[in-house]
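The values are calculated or read from the model by the stated rules, or taken from the named source; none is laboratory data. From a predicted model like this one, the values you see are computed outputs, not experimental measurements. Virtual Cβ from ideal backbone geometry, glycine too; neighbours counted across all protein chains shown.
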Amino acid sequence: MESTTGTVAELVAARWGDHRPGLWCEGRTLTQHEAAAGAAARAALLAELLPAGAAPHLGLLLDNTEEFPLWLGAAALARAAVAGINPTRRGPELARDIRHTECAVLVTERAHLPLLAGLDLSWASPRGSGGGRRGPRILVTDGEEYGPLLAPYAGAVPDPSRATPADRLLLYFTSGSTGAPKAAICSQGRLAAAGRALVRRFGVGADDVHYVCMPMFHGNAVIADWAPALAAGAGVALRRRFSASGFLTDVRRYRATYFTYVGRAIQYLLATEPRPDDRDNPLRLGFGTEAGAADAAAFERRFGTRLVEGYGSSEGGAAIQWAPGTPAGAVGPAGPGLVVLDPATGRECPPAVLDAAGRLLNGDEAIGELVNRAPNPFEGYWRNPAAEAERRRDEAYWTGDLFYRDAHGYLYFAGRGDDRIRVDGENLAAAMIENIVARYEGAEAVAVYGVPDPVTGDQVMATIAGTFEPAGFAAFLRAQADLGTKMAPRFVRVVPRMPVTATNKINRALLRREGHACADPVWWRPPGEEAYRRLTAQDAEGPLALAKGPSSVRRQGLEPRTR
């Protein structure tokens, strides 16, 4: 486990006196010194605004503007914690995130003020802090009062002496696919250590420029992009929101050498119109998750930039790094303490048996939950002991993610914990099926998940963005040597564009919830048949309705059957 000696406050203060350009955003440039001074001024203001007895938390309801990293630095200097607030959340969900993290100060911009209108953002004060209810002091970074409010602190000098590695710095929300999102805790020591580790791993230097195009309210952009830049004294270039069409222009403008990505970002970049000069760019590395081997290879061919895929739980409890010799389809070797356990029995799952085509032959016994038995830096969730207990069991960290391990110790991702598909008593790897279906020529994006079935337990369903021809798709499936007999999708939903979350991840929770009763065309294979036909209302009124309930037949995606 990486040592957590040192603080983010020290890294911020180290930029004082460094007059190289260090922060670019929408035509504005700050030197490293000016960024440190801006953080110091905001830290001094924050110290005045935080009420006595309250948790020292501030929420950032911001796009990727210069204010976001400046307030991160300010929080580190002031020994406060930042809650990144997702601006795509709405109404009660948005209010819940702010109340749950007890934001005493909420920093936002005018564009987001309508999101707060009419919301109750107050929470009951903890015992011993005066009682009553508290709510956040709202600062609007492009409002008329903001400049005058900061002006008295313009001469502040960053002082890291009070900060400690154990100080809470981030409260970042993990995906809320089941229940409300959980606010994972990250201390100054862990964030500083993560930044230094990535500096060593990727050789980040002071002359590099990190392009931050993923949303900074998410842990990826802060932990994997901003933190290593801060640790190395590298520059940071911000994009307000991710733009596939603006990506290469930004990279060239800022001379960016490094970026991070999650979810569908790489696929969106590959979907842009190719140009003869695509390889004329300064990028040397992209680091992220969920691009897939085929898209990573396509990205390197087109843009001349290597992508490094990795696995890491959002909370920091487990990580897998790719290493030379890793087989195709595997994430990487199992490090010390990493095991795949049957969540029902707690016993280690047997190694996967793979045929010559790489098809998993014993998924029922080989697929389990990835567990880290080694010391790890998971620091818990803010005010959520039940969720914390779910992660910390038997003196180990349970990731909630499904994997299998081959005989040589390499780990293969099989899906998120809620991606479990169990057909006729056999566990199937959603990620493996997804990789196979992604080969279909008409598929621009693919998601595979289970839908309930009254007979088999689950059935495999795929959503495909792109073009779909039922006979051609059935022929394609028959030609895939690594597609098991129970792995072929029973249902195929065809969408013009894959639904995604604010972090460009496929919105699987929405797809699972809607199932085959949705507004988009759905094709299916009746039991015992290989051919796909359009799902009709009459089909849904039969056995399918037992799985979803009678309301499913009233949805709009089912066409009347012609006789």
- Note on the structure: Those residues of the range 337-351 which are in a loop (DSSP other than H, G, I, E, B) and at pLDDT 95 or above amount to 337, 347, 349, 350, 351
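Among the residues of the range 511-563 satisfying the criterion of being closer than 19 Å to residue 448 by Cβ, part of a loop (DSSP other than H, G, I, E, B) and within 31 Å of the chain's Cα centre (by Cα), which is modelled with the lowest pLDDT?
Only one residue tops the list, namely 557.
Given the criteria buried (at least 21 other Cβ atoms within 10 Å of the Cβ) and assigned to a strand (DSSP E or B), does residue 60 qualify?
yes
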- Item | Those residues of the range 184-206 which are closer than 19 Å to residue 319 by Cα, outside any helix (DSSP H, G or I) and either without any contact (Cβ under 8 Å) to a residue 12 or more places away in the chain or out of contact with any Lys or Arg (no Cβ under 7 Å at 6 or more places or on another chain) (or both), in sequence order | 184, 186
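So is residue 151 of a type outside the set (Val, Ile, Thr), modelled with pLDDT of 95 or more, part of a helix (DSSP H, G or I) and surrounded by 12 or more Cβ atoms within 10 Å (Cβ to Cβ) or not?
So residue 151 does not fit the description; no.
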- Message: Show me the strands (runs of 3 or more DSSP E) found entirely inside the range 372-467 where at least 1 residues are within 29 Å of residue 528 (Cα to Cα) and more than 21 Å from the chain's Cα centre (by Cα).
- Response: 421-423, 426-428, 443-453, 457-466
- Query: So which residues in the range 239-261 are over 14 Å from residue 204 (Cβ atoms) and under 18 Å from the mean Cα position of the chain (by Cα), if there are any at all?
  - Reply: 239, 240, 241, 242, 243, 244, 261
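For the range 13-35: of the residues being among the aliphatic types (A, V, I, L, M) and out of contact with any Pro (no Cβ under 6 Å at 6 or more places or on another chain), which is nearest to residue 232 (Cα to Cα)?
Going through the qualifying residues, I end up with 14.
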- Message: Looking at the range 469-481, can you tell me whether even one residue there is touching a strand residue (DSSP E or B) at 6+ places or on another chain (Cβ under 9 Å) and modelled with pLDDT under 95?
- Response: no
